[in-house]
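Below is one structure, written out as structure tokens; the observations come after it.
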Amino acid sequence: MVLGHVLLLSLISLSTTVDSQSIIKTLPGFHGDLPFYLETGYVGVGEREELQFFYYLFESERNPKDDPLVLWFSGGPGCSVLSAIVYQNGPLIFDYANSTGNIPSLMLRPYYWTKVANILYLDTPVGTGFSYSTTWEGYKTGNDKGSKPRVNLKGLILGNPLTDFKYDLNSRIAYAHQKELISNKLYQSTKKNCKGEYLSPDRSNKLCINNLQAINKTFEQLYLFNIMEPKCSTWNLSSFTRGNELLATMKKLDVLTQSKHLTNWCRDFTLFYSYIWANDKNVQSALHVREGTIKEWPRCNLSLWYKIDVRSSLQYQKLLTNKGHRVLIFSGDQDLAIPYLGTLAWIHTLNLTITDDWRPWLIDDQIAGFVITYSKGKYNLTFATVKGGGHTASEIKPKEAFVMIDRWFAYHSL
């Protein structure tokens, strides 16, 4: 499996069972009927369908019969796809300016991907979002276990993906140097003393360890998912380990009323809205979530029983190069968590032929990012950066991400 945020252009195989489909006409917080087709339900997996994956299906608003079907898996592991729907590329977004009282307001997003594609958002693995297991064994999952339904892959899209621990995480220091977050003197000293190995350094090498500690002091002051934005310091969602603690605190602080008036804003404040909305009983009823299957909805389940037994998915990427797939990989260029430099480094190991070298791609005659394309037989890979984008590029730069995906779906060059 690919680690990190994953988007698969695919079809669900017949080895899974879809049941309890419900067509959703209205949602709490949204004024009037939904102006698009939304279906929710569960996909049963396993001999006795003990794994129950919750899904949201949005039909394309352009031509649902001919437009591609996209299957979206969020990363984490354990982060709900509802984050993608309301923060990244779905048709809904929270109306922060007009949310008061008990439940956040929703409105249409200006640029969303279901304008040009059918998207099936799937909460996976079990224990994520509204997905659950009927047995305790079902919650014991990992990268290399049957924690997702089988799919017939037609194409692949990856956004800021954690693909290989060594390439991706080791690249943070080179990226920090490129962005002048650390001095050239410190970078050169670290590179020399650590011999380019920053992820698993020799602990007896005091010079290397001292260099890394100095760099970590800088990293601790940064918002890793977008180096241009402020880091949260007062309200940190990660400090709440259980949903009931978080919900109780939000209620006490009257988050919907207070958060938009805070002077020390950070992006994590917006995440509170999803906790309030998804844990509302009326919302869960409207979505047809099975009553009693989860205690509380976590945006990212930090207590997930998940074993990271695959630290690199490069072997799978190399297998794909022998297939006739189309692949799009994109990265926000302000992401320090999974820098684009690491992505380019592991792409280089695939030994592909460059068909269109590094160049800017434009929207309205302005640079929206940079792109390079590769090929191997019928295999075609496009790598693009989104200028100004963070770890979830479509959240920060929705227009750029939409234009990028629309062109790629249409087989146009960026």
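The values are calculated or read from the model by the stated rules, or taken from the named source; none is laboratory data. Remember, predicted model here, so these are calculated numbers, not experimental data. Methodologically, a virtual Cβ is constructed for each residue, glycine included, from the backbone with ideal geometry; neighbour enumeration extends over all protein chains shown. When the accessible area is computed, the model is the full protein with side chains, heavy atoms only, and any ligands, DNA or RNA have been set aside. Shrake-Rupley method; radii C 1.70, N 1.55, O 1.52, S 1.80 Å.
Points to keep in mind about this one:
- Residues in segment 35-44 that are open to solvent by 20 Å² or more (accessible area, probe 1.4 Å) and assigned to a strand (DSSP E or B): 1 in all.
- So Ser131, is it among the polar types (S, T, N, Q), in contact with a Ser or Thr (Cβ under 9 Å, 6 or more places away or on another chain), modelled with pLDDT under 85 and crowded, with 22+ Cβ neighbours inside 10 Å: no
- Candidates Gly342, Gly390, filtered to the one that is closer than 30 Å to His177 by Cβ and either assigned to a loop (DSSP other than H, G, I, E, B) or of a type in the set (A, V, I, L, M) (or both): Gly390
- Cross-chain or 6+ apart pairs with Cβ under 8 Å, segment 206-222 first and in contact (Cβ under 8 Å) with a residue 40 or more places away in the chain, then among the β-branched types (Val, Ile, Thr) and surrounded by 10 or more Cβ atoms within 10 Å (Cβ to Cβ): Ile215/Ile173; Ile215/Ile182; Ile215/Thr190; Thr218/Ile182
- Of all residue pairs spaced 6 or more apart or on separate chains, those with beta-carbon atoms under 6 Å, a first member in segment 369-398 that is over 16 Å from Leu328 (Cα atoms) and a second member that is of a type in the set (Val, Ile, Thr) and open to solvent by less than 30 Å² (accessible area, probe 1.4 Å) are Lys397/Val386.
- Within segment 26-34, not a single residue is open to solvent by 50 Å² or more (accessible area, probe 1.4 Å) and either closer than 21 Å to Ile405 by Cα or under 20 Å from the mean Cα position of the chain (by Cα) (or both).
- Filtered residues of segment 302-337 (kept if more than 30 Å from Gly388 (Cβ to Cβ) and either polar (S, T, N, Q) or not in a loop (DSSP other than H, G, I, E, B) (or both)): Ser303, Tyr306, Lys307, Gln315, Tyr316, Lys318, Leu319, Thr321, Asn322
- Of all residues in segment 354-377 being outside any strand (DSSP E or B) and modelled with pLDDT of 95 or more, the one that is most open to solvent (accessible area, probe 1.4 Å): Asp365
- Verdict on Trp297 being in contact with a helix residue (DSSP H, G or I) (Cβ under 6 Å, 6 or more places away or on another chain), modelled with pLDDT under 90 and surrounded by 14 or more Cβ atoms within 10 Å (Cβ to Cβ): no
- Residue within segment 322-337 that is surrounded by fewer than 16 Cβ atoms within 10 Å (Cβ to Cβ) and without any contact (Cβ under 8 Å) to a residue 12 or more places away in the chain present: no
- Complete set of residues in segment 393-413 that are assigned to a loop (DSSP other than H, G, I, E, B) and buried (at least 22 other Cβ atoms within 10 Å of the Cβ): Lys397
- Hits in segment 338-350 - residues which are farther than 21 Å from Ser394 by Cβ and either touching a strand residue (DSSP E or B) at 6+ places or on another chain (Cβ under 8 Å) or open to solvent by less than 20 Å² (accessible area, probe 1.4 Å) (or both): Trp346, Leu350
- Segment 51-76: number of residues that are in a loop (DSSP other than H, G, I, E, B) and open to solvent by less than 50 Å² (accessible area, probe 1.4 Å): 5
- Scanning segment 100-128 for residues that are within 17 Å of Phe30 (Cβ to Cβ), open to solvent by 10 Å² or more (accessible area, probe 1.4 Å) and part of a loop (DSSP other than H, G, I, E, B) yields Thr100, Gly101, Asn102, Ile103, Ser105, Arg109, Pro110, Tyr112.
- Near pairs, Cβ below 6 angstrom, 6+ apart or cross-chain, from segment 57-72 (closer than 19 Å to Trp408 by Cβ and in contact (Cβ under 8 Å) with a residue 40 or more places away in the chain) to any residue that is open to solvent by 60 Å² or more (accessible area, probe 1.4 Å) and not in a strand (DSSP E or B): Glu61/Lys115
- In the condition set (1) open to solvent by 40 Å² or more (accessible area, probe 1.4 Å); (2) in contact with a strand residue (DSSP E or B) (Cβ under 9 Å, 6 or more places away or on another chain), Cys79 is compliant with all but (1).
- Residues located in segment 11-60, provided they are out of contact with any Gly (no Cβ under 8 Å at 6 or more places or on another chain), modelled with pLDDT under 95 and polar (S, T, N, Q): Ser13, Ser15
- Of all residues in segment 276-290, those being in contact with a strand residue (DSSP E or B) (Cβ under 9 Å, 6 or more places away or on another chain), surrounded by fewer than 19 Cβ atoms within 10 Å (Cβ to Cβ) and in a helix (DSSP H, G or I) number 1.
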